[in-house]
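S.K.: Handing you this structure, nothing more for now.
The values are calculated or read from the model by the stated rules, or taken from the named source; none is laboratory data. Model, not experiment: these values are computed from the prediction. Here the Cβ positions follow ideal geometry from the backbone for every residue, glycine too, while neighbour counts run over all protein chains shown.
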């Protein structure tokens, strides 16, 4: 999570409110979800050439000697992290303790009044009434377009690894621009966690979104490629034990901004609201994490040499396949990436 990376964009107020709210919840809810503040660094590395001239800051000891830190993207005052799955579980437990009810099932339709106003949902044949219906199924929100005129939501596939590794002496989140021996460019992201593990994500692909989330699987060879990339800039991390290999789809709207607000064209009275919430923070995604647009106003965006052409696509403009059928469009890599637990 970042306090100010969306400043100057339409998501500025949302990102700042999100950053403050996560800090507030960490104080209010007596549970553990890996929340902490930490510094965030921009790193560049290449298997083909010396990138030492990009070096502006000393690199953490656990990085390879030829990896260059080109920018401090955030400090403990402006960047923080959570474990997405643990956060979701903790907030749900807090809601249940406060009187909420959790129903797990399949939504088969909306309940609408004579005037067309949304009054609830049908879950496995049972009507559940409500003053508000929130559609928050990540890229699978597109399935609700059979009932409502929803904006397009696509799925951007990504891969991740969880290593048994704890950087010492101080953890840093990393946003890496990496050039392989073959000349391809990638943008892995690294998030050491308080529980002694380190989460690494990257390798976006255009694989079509399966209708059943349980059918989401890593691309063949994806885990091995991501591990090899990790070893290139952090040999000890890349050689550590892998605890989990994961794939997920994070939701991406046509313009890359989060979809939050009344559904256009939906017939709802003023005291009711049907809302579409598409996560902008990769960050979750499947059931993923939170994050914000990495474009920053007035800050160094990284080495110019690695940001021409495909480098921009690798770090901030991945070509997304998605929806329930492939569709190529510009999207953004978003910090906090996905940690999927498909169901």
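S.K.: Collect the residues in region 1-22 that are in a loop (DSSP other than H, G, I, E, B) and more than 16 Å from the chain's Cα centre (by Cα), keeping them in residue-number order.
M.R.: Result: 4, 7, 8, 9, 10.
S.K.: Which numbered condition trips up residue 188, out of (1) in contact with a helix residue (DSSP H, G or I) (Cβ under 7 Å, 6 or more places away or on another chain); (2) under 30 Å from residue 111 (Cα atoms)?
M.R.: (2)
S.K.: Could you list, in sequence order, the residues of region 65-81 that are buried (at least 20 other Cβ atoms within 10 Å of the Cβ) and either in contact with a helix residue (DSSP H, G or I) (Cβ under 8 Å, 6 or more places away or on another chain) or in a loop (DSSP other than H, G, I, E, B) (or both)?
M.R.: 67, 68, 70, 80
S.K.: Can you tell me which residue among 147, 140 is crowded, with 19+ Cβ neighbours inside 10 Å and more than 23 Å from the chain's Cα centre (by Cα)? Lay out the reasoning, then the answer.
M.R.: On the way: 140 fails: more than 23 Å from the chain's Cα centre (by Cα).
Step by step, each of 147, 140 is checked, and only 147 is crowded, with 19+ Cβ neighbours inside 10 Å and more than 23 Å from the chain's Cα centre (by Cα).
S.K.: Considering only residues of region 98-115 that are surrounded by 11 or more Cβ atoms within 10 Å (Cβ to Cβ) and more than 27 Å from the chain's Cα centre (by Cα), which is farthest from residue 144 (Cα to Cα)?
M.R.: As a first pass, look at region 98-115 and keep what is surrounded by 11 or more Cβ atoms within 10 Å (Cβ to Cβ): 105, 107-113.
The next check asks that each one be more than 27 Å from the chain's Cα centre (by Cα); those that pass are 108-113.
Values: 108: 9, 109: 8, 110: 9, 111: 13, 112: 14, 113: 18 Å.
Filtering first and then ranking leaves 113.
S.K.: Ok, one more. Out of the strands (runs of 3 or more DSSP E) lying entirely within region 182-288, which hold 2 or more residues that are modelled with pLDDT of 90 or more and closer than 30 Å to residue 50 by Cβ?
M.R.: 189-192, 198-205
S.K.: Let me ask something else about it. Could you please give the count of residues in region 144-180 that are more than 13 Å from residue 230 (Cα to Cα) and in contact with a strand residue (DSSP E or B) (Cβ under 9 Å, 6 or more places away or on another chain)?
M.R.: Number satisfying all stated conditions: 20.
S.K.: Taking residue 84 and the conditions (1) modelled with pLDDT under 95; (2) surrounded by fewer than 21 Cβ atoms within 10 Å (Cβ to Cβ); (3) under 19 Å from residue 40 (Cβ atoms), which numbered condition does it fall short on, given that it satisfies the others?
M.R.: In the conditions (1) modelled with pLDDT under 95; (2) surrounded by fewer than 21 Cβ atoms within 10 Å (Cβ to Cβ); (3) under 19 Å from residue 40 (Cβ atoms), residue 84 misses (2) alone.
S.K.: On the given criteria, is residue 109 out of contact with any helix residue (DSSP H, G or I) (no Cβ under 7 Å at 6 or more places or on another chain) and in a strand (DSSP E or B)?
M.R.: yes
S.K.: Based on what the data block shows, is residue 25 modelled with pLDDT of 95 or more, surrounded by fewer than 19 Cβ atoms within 10 Å (Cβ to Cβ) and either touching a helix residue (DSSP H, G or I) at 6+ places or on another chain (Cβ under 8 Å) or part of a loop (DSSP other than H, G, I, E, B) (or both)?
M.R.: yes
S.K.: Could you count how many residues in region 120-141 are farther than 14 Å from residue 104 by Cβ and assigned to a loop (DSSP other than H, G, I, E, B)?
M.R.: 4
S.K.: Of all residues being at positive phi and under 22 Å from the mean Cα position of the chain (by Cα) in region 222-266, which is surrounded by the most Cβ atoms within 10 Å (Cβ to Cβ)? Just the residue, please. Steps first, please.
M.R.: Residues of region 222-266 at positive phi: 256, 261, 265.
In the following step, the residues that additionally are under 22 Å from the mean Cα position of the chain (by Cα) were identified as 256, 261.
Details: 256: 19, 261: 12.
The selected residue is 256.
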